[in-house]
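The values are calculated or read from the model by the stated rules, or taken from the named source; none is laboratory data. Small disclaimer: the values here were computed from a predicted structure and weren't measured. Glycine also receives a Cβ, built like all others from the backbone with ideal geometry; neighbour counts cover every protein chain displayed.
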Amino acid sequence: MSDDLLPDATSRISPAITSPSAASAARNATAQTATAASTAANAAASQGKSALAGVGSALGITAATAAATAGIGIAALGINGAIRAARHVPTEAIGTQREANPEVTSLAAADLAALIQCATLSAPNLRDPATFTALHAVIAQRFPLLTATLEATYLGQAGVMYRWVGAGSAGVVENQIPDERPLILLAHLDVVPAQDAELWTHPPFAAINDGERIHGRGALDNKGALTALLRGVELLLEQGFTPQRDVWLCLGDTEETAGQTAELMATELERRGVEPFLILDEGGAVVEPGALLGVPHWAAMIGVAEKGILDVRLTSSAPGGHASTPAKNGATARIARAITRIEKYQFPSAIPAPTRQMMSELGRYASGALKFVYANVDVLAGPLAKALQLAGPETAAMTRTTAAVTQLSGSAASNVIAESASATVNLRLAIGSTSEDAVAHLRRAVDDDLIEIDIMSVTEPSAVSPMDGPAWDLLNASVRAAFPDAIPAPYVQTGATDSRRFTGLSACVYRFAPLRMTKADREHLHAANESVLVETLAEGVHFIVDLIERVDGR
């Protein structure tokens, strides 16, 4: 029990008391106070046990385990945790969903349909340059003021950077004053293939609008957000708006492969001396109530960091021969054993700072035991990490570096023993870790000197962008303006985006697609039956308009 919560009982007794009767009274008062202290301590312990019982229920562990994992006493966590939970109140009132503007909704829906119908596949063996040419023609047709007003620079095979020259920059790019540093908005033109067309309810590139949803490849990733960006800028131009600072639209065409065009764009911006105030790419979205257990509101998940990517190849060599006379511990057997060991020996888990802040911010709107959990996320980080691992792969990936075996190779014939076998492992590196750490872990897990581990490609984890300050505050304000029924919160992006190429230009790189995406929607990303809610397109447009105006000080 901390002194500030339970002052020493004897401090309440005046040293001026000297008479026998006064001393007797003092002894009685001391005894009564000690009894009160004991009662308070017991109450605190009871409160701690009760709170942690709820915590344990939420986490799937006992109260004692929760406290032991946190490394603190039950009573101390109980009373102090309860105080923290009582103070952990919402910072903003939750509003209601904006009523969609029918005209903007209709325009954006038609925009998106036209963009989806251009099958801009990213896979090299399926890529058709004509589809990207058609897409640029659609952009010119549907957004005439944008393409006529903004300066275009084409990079890569089909990427384009549009520069909206700010009135304050006077056409100068280099050395712009801090209050007029540019805003950079990213989206990508390419989509993943839509193989297994028979699994689709609607043809993947027909862009069917059933009145509620638009169906098609790229509806969410990333042509929905691209639509919001382009239509938002077009609407501002129609209103005669000119930004004070430069606004750059960077539209890559290789995001779904390796992001080479984005790298070219970042290099070109650096060459020109561009120092952005804020960079925004796809990443998080507005996710459904309950996405974080116990939080009954939509949540706007803003990526403040991005896990790294490491591809390694495991290779084993051994004498080959006829399959009728196999030897033990052949190349394929060693690879199989290495794979099972990697799966068994998971990477260490932890809850990084952005995830803790996400839980803390969203947890303000929770209640009961779960509010207690989120208010005490720092001291309960250990059991929370365990709970996230058990909750499923999406939440488990938030706590550690992950490793997935994605490709296998062995013999070219069914009756030939492989002389060489290999496995490709794709790792997503937790923020704060390195590829060197990951390779060392793999070597320990595999524990076989006859398995070669070679790095194929690597992108280290990004730095964590500020979760406070001017850029963060403006972004949050625009999120709340477009989605008043949602709570903005930071998170760690587990997938890769083009933004990773731009982190050298600014500390303020964020990842947020201004669209509502339910869990069912997210399950269709890169899968069959991708679709987007029609009404959320207008919300995305509103967000872009508000952000550009807000960053400009309007």
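Here are a few things to note about the model shown:
- Screening residue 385 against (1) more than 22 Å from residue 428 (Cα to Cα); (2) among the hydrophobic types (A, V, I, L, M, F, W, C); (3) in a helix (DSSP H, G or I); (4) free of Cβ contacts under 8 Å to residues at least 40 places away in the same chain leaves a single unmet condition, (1).
- Per this entry, residue 481 is counted among residues that are among the hydrophobic types (A, V, I, L, M, F, W, C), modelled with pLDDT of 95 or more and in a helix (DSSP H, G or I).
- Checking each residue in the range 484-507 for being farther than 21 Å from residue 181 by Cβ, assigned to a loop (DSSP other than H, G, I, E, B) and polar (S, T, N, Q) picks out 494, 497.
- Only residues that are surrounded by fewer than 21 Cβ atoms within 10 Å (Cβ to Cβ), of a type outside the set (Gly, Ala, Ser) and within 23 Å of residue 157 (Cβ to Cβ) were counted in the range 97-120, giving 1.
- Test set (1) over 21 Å from residue 492 (Cα atoms); (2) out of contact with any Asp or Glu (no Cβ under 7 Å at 6 or more places or on another chain); (3) buried (at least 19 other Cβ atoms within 10 Å of the Cβ) - residue 334 fails condition number: (2)
- Among the conditions (1) surrounded by fewer than 24 Cβ atoms within 10 Å (Cβ to Cβ); (2) touching an Asp or Glu at 6+ places or on another chain (Cβ under 9 Å), residue 509 misses just one, which is (1).
- The residue of the range 388-409 that is nearest to residue 353 (Cα to Cα), among those that are part of a loop (DSSP other than H, G, I, E, B) and not polar (S, T, N, Q), is 398.
- Some residue of the range 410-426 being surrounded by 15 or more Cβ atoms within 10 Å (Cβ to Cβ), part of a loop (DSSP other than H, G, I, E, B) and of a type in the set (Val, Ile, Thr): no
- Pairs with Cβ under 6 Å, 6+ apart, first in the range 117-133 and in the same structural domain as residue 191 (by TED's automatic domain parsing), second aromatic (Phe, Trp, Tyr): 117/205; 119/205; 120/132
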